[in-house]
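*Asks:* One structure, pasted below without further comment.
The values are calculated or read from the model by the stated rules, or taken from the named source; none is laboratory data. Computed from a prediction, not measured in an experiment: that's the story for all the values here. Cβ: placed from backbone, ideal geometry, glycine included. Neighbour counts: every protein chain shown. For accessibility, only protein heavy atoms count, side chains too; no ligands or nucleic acids. Shrake-Rupley method; radii C 1.70, N 1.55, O 1.52, S 1.80 Å.
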Amino acid sequence: MTYTEASMDALRHSGDELADATVATLFERGEVGTFNTLMRYVSTAGTPLPDGLPEVAREYLHATSAPPAWVDWGEMENARLFFVDNNVHISTALSFASMPACYVVPHVARLLAATHSLEYPSKRMAETGQFTVHLMQPGAFEAGSGFIPAAQKVRLLHASIRHHLRRENRWDVDGLGVPICQEDMIGGQMLFSLLVLDSLHRLNIHMSVDGAEAYLYAWRVVGAMLGVDQSQVPKDMESARQFLDLYMTRHMGPSREGAHLTRQLIDLYEEVVPGTFFDPIVSALIRHLVGDTCADWLDVPHTAWDTVVQAIPHLLGVLEAIEDRSPLGAWALDRLGHLTTVLELSSLTRGRVMHYAIPEQLKKDYGVSSTVPRTRRWTPPAPAAGPN
């Protein structure tokens, strides 16, 4: 598939018909509170739906209770094994590349700021981490797993944001299109899949082509579960690269919200890192993974660790070599990666299960203005003139 400015513009005017209709009915009938209360304790697939659940919600949950019929389960298992082998690296990429990349898209940063208080960034990171861990567990789509209920709720969460912003006239639909539109949903899918693979490459992590393609495929399945139009989503690495490059050049730039979210992200992980000596590595990692231009837009500070971080890919290359040559070393590093990921998620969640509820209203303090301007188009700097 070839993506163009015109085709991307068309995607900005499409949302998620099923989820949008469900949320609109819940609000119209005053049933959002009932839904949130009853669904709080439905966190695993196969759990009987509670009595008293609004009928429109019951119909939605039934319609979205199974993965797409086209899923290749062998490929999903390959993706899970890829995650097991690289879980700590993937967590690093999600935290220090994917999330800052979201913040460098101004209208996305404004949406996140309107939905999640900037005072509690751990909620956003914990939700993302928990969602990914659910996806990569054995039997993620079977009874007893947490992925399908999480996907169903996240899809309604997105629909509720569209509902609030349009109802309250807090979004420039003519200039920006539908909030959390198809272009943004596919863009997010690319940031959590292709950009993660790019970041692993930047960290000098050895990846097989099959493993990388399986990971991209798994997030295509995620997109389908979250209401992404499968006729428009990239199906392979080449089209995924074309989409992500065009999406970012169309939209990325500096914003107040993006800088605030990034500062909160840095503060959060500086609290997670033991002591204070290693705190600057958080900013240095973000700068290393997203590049100086994006880091400057996000007000990521320069630190003495900027140079030190350059050595991390070499160290990881040594560890990867040990893993490749020693089955015992591979087992030990996989276990260490698993424990590190669990520790990070535990620190973010503080031991709680994250619930994806439909917000009955959006934040007012960092909400989206009704006069959100259309994002300034980014263009690469002109090459320096050569000698005459």
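*Asks:* With a 1.4 Å probe and all protein chains left in place, how much of the accessible area of the stretch 1-75 comes from carbon and sulfur atoms, in whole percent?
*Replies:* Numbers: 2180 of 4130 Å².
Carbon plus sulfur share of accessible area: 53 percent.
*Asks:* Roughly speaking, what is the centre-to-centre gap between the stretch 250-269 and the stretch 31-107 when only Cα atoms are used, to the nearest Å?
*Replies:* 24 Å
*Asks:* What ranking, highest mean first, results for peptides 180-192, 250-262 when packing means the other Cβ atoms within 10 Å averaged over each residue?
*Replies:* In decreasing order of mean packing, 180-192, 250-262 become 180-192, 250-262.
*Asks:* Additional query: Peptides 55-62, 160-167: what's the order by average Cβ count within 10 Å, highest mean first?
*Replies:* 160-167, 55-62
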